[in-house]
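Written out below as structure tokens is the structure these notes cover.
The values are calculated or read from the model by the stated rules, or taken from the named source; none is laboratory data. Quantities reported herein were computed from a predicted structural model and do not represent experimental measurements. Ideal geometry is used to build each Cβ from the backbone, glycine not excepted, and the neighbour counts take in all protein chains shown.
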Amino acid sequence: MNEPLPKAPHSLEATGRGPIRSLLPYLWPTAETEMRLRVVVALACLAAAKVANVVVPLFYKQAIDALTVPAGSLAAQLVVPVGLILAYALARVLALGFGELRDALFAKVAQRAIRKAALSVFRHLHALSLRYHLERQTGGLSRSIERGTRAIETLLRFMLFNILPTLLEIAMVGVILWGLFGGWIAVVTVITVLGYIAYTLAVTEWRTKFRREMNETDNRANARAIDSLLNYETVKYFGNEEHEANRYDQALRSYEKAAVKSQTSLSLLNLGQGVIISVGLVVVMLLAAGGIVNGTMTLGDFVLVNTYLVQLYMPLNFFGFVYREVKQALVDIEKMFDLLRVNREIADTAGALPLAVGGAEVRFDDVAFGYDPRRPILKGISFTVAPGRTVAIVGPSGAGKSTISRLLFRFYDVSGGAIAIDGQDIRSVTQTSLRATIGIVPQDTVLFNDTIYYNIAYGCPDATREEVERAARLAHIHDFVARLPDGYQTMVGERGLKLSGGEKQRVAIARTILKGPAILLFDEATSALDTHTEREIQANLREVSQGRTTLVIAHRLSTVIDADEILVLEDGRIVERGRHQELLALGGSYAAMWTRQQEAAQFHGVLVPQPLAAVLGEGAASAS
Ligand SMILES: Nc1ncnc2c1ncn2[C@@H]1O[C@H](COP(=O)(O)OP(=O)(O)O)[C@@H](O)[C@H]1O
Ligand SMILES: [Mg+2]
């Protein structure tokens, strides 16, 4: 199941068997007797409906014969046709009734299968690695699921309620015609129908590539539109509306081309189908007319043959469309199930136990890592955060600081060395337990397009209102929220874009506080705040991280001066380590950064009349 799929171009066989086999467990769930019972009864109804359907013209024929060839008495002349007409009506009602019963019974099976399949794909997508998601376009993924589920419905509806019944009907009609009139009429009817089907399959097979092209270009156009709209602000910053429109139009143009090809080939298909059916009809009618002239056939027989052909012709006329839809559905279903076959990059080892958390000591032991093996990012990182202590990581942008947090959270596995919590390698424990232990306030916070309350409560969905507000107070967001017209019910907009960077960060801090994990990780969590607010939060964060193992990735050095150890990361290596005062005394990178930032702060202090220098001085004093 977890094998990567070979990316071979699909033939009809390849697209036909894979998706149906993938779908079977959902349609025939071994655990659900009711569903299987429904399938069986629905299939029985299907057969019954078709039998009734085929019987209808027989009563029709006999009624006509009874009317055109008068029997002896007047009573017989009336009774026989009326009885036949009633039987004809009953057969029609039965055909209809069984058909509806079949649909009603099967609806639950189909909907249940769709739900189960969509859910397992969705779960699987969340189980896939961050790397996978960074490389995918989310719009494309959700469309694949949407298309796939819709395709399951299409496939089931057409396959079971159109294709299968039609084939059954063709067989029955063939047998009846053979029985009644022998040879030619049956042979011509069956040949016409089979020729029609063969032609349809062949042409549809040929034009599938146009459909697929259409699908792909449609996907591309959509992904481009979404990506462009997500970057609305960036587009404006650079005045690139025209560029974006061109890119979108490029995708649309390929779609246009593919769609036109698809439509033209469709017309060709329909034309051929019409010709085949017409020729068949003419030949059969001529044969039947000849039969009447010879006296071997009655008028009723002539009508019967005609009725059967028209009755077959109707679903067959539909069959071309059905086949195209089914073909498309198979492609879409396969695409969706392909997602299920994507390997999990990060998987729990067999028999992984939950992480046993004691004091929550975090240890990096000679950790090496690169997103791409050709470009190492971390080159032998070793440090330990003792239980309940705070370690800070500072360094220039791109040094690998956030990478350290992603590794600790096991979004990726290390390529060398090991990361352990309380002596347990994080690769040997379950991901769920590991992630429950760690609370991260990420560098770039993205919020759900819901209320502020929902976003904070996300840290612990069954928290009480009081707990949510307490967390909001600690994160210094409560007063801000209280002043909003809609308070906690304020919607934050897509990805949280209606909040400022600082507000988003504080919501993120609040929800992590609410989660209350043993290990805290702040990745430049207050970088978007002004110095004043940052200092206010800092005090609360200190309180929150009291007794919790804490890793602080910091941008402003003034926020880490009281850390138990400060690591200076440069180009994937720890170049300096120690406490604030020791590092200052060392006079290396850290001291240089410190001086730079202080100068910047003082310069800033000139522009914004704030006793920043005093604030910074006070911070330095508290560290010593
Ligand atoms: N998903 C990724 N794929 C490839 N390279 C990445 C990825 N994420 C980050 N990088 C690269 O890794 C380096 C370190 O990134 P990061 O840890 O985010 O730095 P920072 O110290 O600023 O937090 C950067 O050069 C960045 O370009
Ligand atoms: Mg970073």
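For this structure, a couple of remarks:
- Residue list for segment 82-126, restricted to those being polar (S, T, N, Q) and out of contact with any Phe, Trp or Tyr (no Cβ under 9 Å at 6 or more places or on another chain): GLN111
- Reported count of residues in segment 506-525, each being within 16 Å of ligand 1 (Cβ to nearest atom) and not hydrophobic (A, V, I, L, M, F, W, C), is 2.
- Inspection of segment 230-237 identifies no residue that is among the polar types (S, T, N, Q), assigned by TED's automatic domain parsing to the domain that holds VAL175, assigned to a helix (DSSP H, G or I) and in contact (Cβ under 8 Å) with a residue 40 or more places away in the chain.
- Of the residues in segment 369-380, not one is closer than 17 Å to THR549 by Cα and either modelled with pLDDT of 95 or more or crowded, with 16+ Cβ neighbours inside 10 Å (or both).
- Screening ALA563 with (1) of a type in the set (Gly, Ala, Ser); (2) in a loop (DSSP other than H, G, I, E, B); (3) without any contact (Cβ under 8 Å) to a residue 60 or more places away in the chain; (4) away from ligand 1 (no atom under 16 Å from the Cβ) gives one miss only, at (3).
- Assessment of segment 530-547 against the conditions (at pLDDT 85 or above, within 16 Å of ligand 1 (Cβ to nearest atom) and within 22 Å of LEU407 (Cα to Cα)) yields no matching residue.
- Output for segment 519-540, where each listed residue is away from ligand 2 (no atom under 16 Å from the Cβ), surrounded by fewer than 21 Cβ atoms within 10 Å (Cβ to Cβ) and not in a helix (DSSP H, G or I): ASP530
- The strands (runs of 3 or more DSSP E) found wholly in segment 369-483 and carrying at least 3 residues that are more than 16 Å from ligand 2 (Cβ to nearest atom) and either touching a residue at least 12 places away in the same chain (Cβ under 8 Å) or assigned by TED's automatic domain parsing to the domain that holds GLN538 (or both) occupy 378-385, 416-421.
- The residues listed here are GLU565, GLU570, GLU576; of these, the one that is closer than 24 Å to PHE369 by Cα, at pLDDT 65 or above and touching a Leu at 6+ places or on another chain (Cβ under 8 Å) is GLU576.
- Residue in segment 437-448 that is over 26 Å from VAL575 (Cα atoms), away from ligand 1 (no atom under 16 Å from the Cβ) and hydroxyl-bearing (Ser, Thr, Tyr) present: yes
- Of all residues in segment 484-503, those satisfying the criterion of being assigned to a helix (DSSP H, G or I) and either in contact (Cβ under 8 Å) with a residue 40 or more places away in the chain or outside the structural domain of ASN449 (by TED's automatic domain parsing) (or both) are GLU494, ARG495, GLY496.
- Residues (at pLDDT below 90, over 24 Å from the mean Cα position of the chain (by Cα) and buried (at least 18 other Cβ atoms within 10 Å of the Cβ)) located in segment 210-248: PHE210
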